[in-house]
Amino acid sequence: QLTGVLDDCLCDIESIDDFNTFKIFPKIQKLQERDYFRYYKVNLKRPCPFWADDGHCSIKDCHVEPCPESKIPVGIKAGSSNKYSKAANNSKELEDCEQANKLGAVNSTLSNQSKEAFIDWARYDDSQDHFCELDDERSPDAQYVDLLLNPERYTGYKGPSAWRVWNSIYEENCFKPRSVYRPLNPLAPSRGGDDGESFYTWLEGLCLEKRVFYKLISGLHASINLHLCANYLLEETWGKPRWGPNVKEFTRRFDPVETKGEGPRRLKNLYFLYLIELRALSKVAPYFERSVVDLYTGNGHEDAESKALLLDIFRDTKSFHMHFDEKSMFAGDKKGAKSLKEEFRLHFKNISRIMDCVGCDKCRLWGKLQTQGLGTALKILFSEKEIQSLPENSPSKGFQLTRQEIVALVNAFGRLSTSIKELQNFKVLLQKNR
């Protein structure tokens, strides 16, 4: 039932489906498999800054145990490797580690060759003129994770703990007064036949920027839910898990009848988010088109191929004629626009900090990556002048992306592209089930 033009931009869903399926999806998948984009550095041990009692979820499959020396997470932190030597001598801990790695644990094992590449990458990154310092990267707790070995999927993390994270995001960071309740919010008092209409009346009354902010967060939430429905633990046979699409779960989360019309609205917000990140990719192309920017891994041949594929994707994004026009945002009087933009930025920064409260390590990994990807997209959209005036042959002080931001940007957009592809798949499965 998802068709037609999206609100707040002149673009229809069918055009996005075709463009994504035939142009973007196959290429972005290939790009995500390349060495430069598959390793992401993340600190999964940062404490939640907002509440203390929760800790990590008790599901073993969400948890990551420190592994013996042979499996130490790479990082440029060879100096701290000895802290795991006791674990290597203790067979019980070794067993637990193997056990935890099975279903949903984050697999951070890398080859020696990859380790050397990372040290080269770090030197290369350090020589760049960073636009902003990421607080995480130099922490001894930050580790490289191979994203291909740790696909985003349903791990069993749900209930009050997961709900609390999303509730905190919506209630405290979407410019929403406490008196306005989101549809299907289990914490809302019973309101008879309202069905969320008062919420949408409130949303329509907001300025474009604040409405966009809510849609971005709702779209990200819908996308993550779609990944979990599409990669669900269906059964275990002979101790081996089988993952696949769960139509029942998809219907529960998105069907118009079961969600009182809320599901399709959420999916439309997914398309809206896709357009925003697509727009950012087309805007940042000049940054990467310069010869000074090299997707450096130490393997010259692979680096050249990765860059060629990335530039090919940029050409595709530019060929799409129905982009979201961000010029209409923050376009009021200069003083008001500036303070609104800063408010927007701080709200988003807060959401990225809330991701440290996600109890399941695998969910935390992908939550942090997708939030950082969206944050990078917003940074690009609001740096258009700086990008246009970049020098051809030297790093720029005006606009700079770290490798972390580049990896997050590409993988976050890859997740949205996958969501839209999975949505097509669910449409087919639902037709068959009728």
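The values are calculated or read from the model by the stated rules, or taken from the named source; none is laboratory data. None of the values given here were measured: they were computed from a predicted structure. Cβ placement follows ideal geometry from the backbone for every residue including glycine, while neighbour counts extend to all protein chains displayed. All accessible areas refer to the heavy atoms of the entire protein, side chains included, with ligands and DNA or RNA removed. Shrake-Rupley method; radii C 1.70, N 1.55, O 1.52, S 1.80 Å.
In table form, for the structure just shown:
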read-out: Share of pairwise Cα separations in the range 322-419, more than 17 Å, in percent; value: 63
read-out: The range 264-303 - Rg over Rh from alpha carbon coordinates, Kirkwood radius; value: 1.26
read-out: Cβ crowding within 10 Å averaged over residues, with 232-243, 376-387, 215-226 ranked highest first; value: 215-226, 376-387, 232-243
read-out: For Trp243, residues with placed amide H under 5 Å, excluding near neighbours; value: Leu234
read-out: Relative packing of 267-276, 200-209, which averages over residues the other C-beta atoms within 10 Å, highest first; value: 267-276, 200-209
read-out: The range 157-287 shape via C-alpha gyration tensor axes, a/c threshold 1.5; value: oblate
read-out: Of all accessible heavy-atom area on the range 283-434, the percent that carbon and sulfur account for (1.4 Å); value: 53
read-out: The range 229-278-the range 319-341 distance, computed between alpha-carbon centres (Å); value: 31
read-out: Prolate/oblate/rounded label for the range 249-340 (Cα gyration tensor, a/c 1.5); value: oblate
read-out: Cα-projected label distance for Trp238 with Gln29, points at 7 Å along beta-carbon direction, nm; value: 2.7
read-out: Entries in Lys327/Lys385; Lys30/Lys349; Lys283/Lys327 that, when Cα-Cα distance is taken, lie over 19 Å; value: Lys30/Lys349
